[in-house]
Amino acid sequence: MMFIRKTKDQNILKVIWVPLVTISTFLVVLSIAGPKPAFYLLGGIYLFLSLSPFLTFWRTQNNGFLAATMFTIFAGLVCVSAPPAFDDKSKIGLIPVLLVGMYASMLVTGYLTLNRKLKWRGQEVFELAAMPVEDTGDSFTARPRPAGQVPISKTEMIRFVDVLTTKLIAFAFPEENRVVFVLTLPGNDLPYLLGIKQDYINDTWVAIDYEGNISVNITQEDYLLFKQDLDFDQLCQSLGDVFAEFLEFSKSGQETRIIDMMDALRLNPLM
């Protein structure tokens, strides 16, 4: 798909800061205390970090994060098993088996990452919403906007929630009369996964009630992600239309077309 980007590139440090800190810490300890403490520390870090992808799997049921979990666990076990074998090769134990598991899960995780299966898709949704908006003007207002209506049953809503959550498109907040879908960008998901953020008041969201009414709220912070001051009413309406289209795909069992639409944008697989 050929299109003109309307959102700004995000700071990649939001995504890669954890591996950068991990590698730096390992190198510092290696230079000060030697390889054994360094590998024990690195193993402990990997095992601790395995909690993040497992928690993401637990909350989203995205199976790709099981591969990421297995990689960090295998890597951690390799690191904590290696020091005894530095001096005595007979203590190599299960290291070869662990290495096979580590490399296999690393390849699977790498494949899924490059194919955008492990990234939150908020920016791509913003791009889809901005695509038909051509008018500009400083028209931001901090209040939700109505954005149309779609027919939906409770069964269809349950399926839609599962699709958007599993595909990492939005966090869902079920309420008595509606479901609120909160968009998030890569690197901003942790507060939701940890349960630190219990509401969506200060976030961008799309709400669909059980009568099919759609309302949209875009925060000023997310509005500034766009390269131009797009007409705010049109942008909110377009975001509502994107979710209405997603819903129709979900209702007809064509949820793969949702992912195809976003993959066709060919944005950075990490961001």
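The values are calculated or read from the model by the stated rules, or taken from the named source; none is laboratory data. Predicted model, so just to flag it, every value in this text is computed and none were measured. Glycine also receives a Cβ, built like all others from the backbone with ideal geometry; neighbour counts cover every protein chain displayed. Surface areas here come from the heavy atoms of the whole protein model, side chains and all, with no ligands, DNA or RNA. Shrake-Rupley method; radii C 1.70, N 1.55, O 1.52, S 1.80 Å.
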remark   = Over the stretch 79-111, the set of residues outside any helix (DSSP H, G or I) and open to solvent by 70 Å² or more (accessible area, probe 1.4 Å) is 94
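A quick yes/no check of all residues on (1) crowded, with 18+ Cβ neighbours inside 10 Å; (2) in a strand (DSSP E or B); (3) at pLDDT 95 or above; (4) over 18 Å from the mean Cα position of the chain (by Cα):
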| site | (1), (2), (3), (4) |
| --- | --- |
| 187 | yes, no, no, no |
| 202 | no, no, no, yes |
| 206 | yes, yes, yes, no |
| 222 | yes, no, no, no |
| 233 | no, no, no, yes |
| 239 | yes, no, yes, yes |
| 242 | yes, no, yes, yes |
inquiry  = Out of 56, 7, I need the residue that is touching a strand residue (DSSP E or B) at 6+ places or on another chain (Cβ under 9 Å) and in contact (Cβ under 8 Å) with a residue 40 or more places away in the chain. Which one?
reply    = 7
query = Considering only helices (runs of 4 or more DSSP H) fully contained in the stretch 1-78, which possess at least 2 residues that are in contact with a Gly (Cβ under 8 Å, 6 or more places away or on another chain) and at pLDDT 90 or above?
reply = 35-49
request  = Return a yes/no flag: does the stretch 18-33 have any residue that is closer than 27 Å to residue 270 by Cα, within 20 Å of the chain's Cα centre (by Cα) and aliphatic (A, V, I, L, M).
outcome  = yes
key: Unmet requirement for residue 194, which otherwise passes all of (1) open to solvent by 30 Å² or more (accessible area, probe 1.4 Å); (2) over 16 Å from the mean Cα position of the chain (by Cα)   = (2)
key: Single residue of the stretch 246-265 satisfying the filter (farther than 14 Å from residue 170 by Cβ and assigned to a helix (DSSP H, G or I)) that is most open to solvent (accessible area, probe 1.4 Å)   = 257
task = Could you please let me know if residue 29 is β-branched (Val, Ile, Thr) and touching a Pro at 6+ places or on another chain (Cβ under 7 Å)?
result = yes
ask   = Is it the case that residue 214 is β-branched (Val, Ile, Thr), open to solvent by less than 50 Å² (accessible area, probe 1.4 Å), modelled with pLDDT of 90 or more and over 17 Å from the mean Cα position of the chain (by Cα)?
value = yes
request  = Kindly indicate whether residue 182 is at pLDDT 95 or above and either touching a strand residue (DSSP E or B) at 6+ places or on another chain (Cβ under 9 Å) or not hydrophobic (A, V, I, L, M, F, W, C) (or both).
outcome  = no
request  = Kindly indicate whether any position in the stretch 118-134 is farther than 17 Å from residue 262 by Cβ and either assigned to a helix (DSSP H, G or I) or of a type in the set (Phe, Trp, Tyr) (or both).
outcome  = no
key: The listed residue being outside any loop (DSSP other than H, G, I, E, B), closer than 23 Å to residue 183 by Cβ and in contact (Cβ under 8 Å) with a residue 60 or more places away in the chain, out of 159, 143   = 159
inquiry  = Which residue is farthest from residue 194 (Cα to Cα), if the candidates are limited to the stretch 162-180 and must be open to solvent by less than 50 Å² (accessible area, probe 1.4 Å) and touching a residue at least 60 places away in the same chain (Cβ under 8 Å)?
reply    = 163
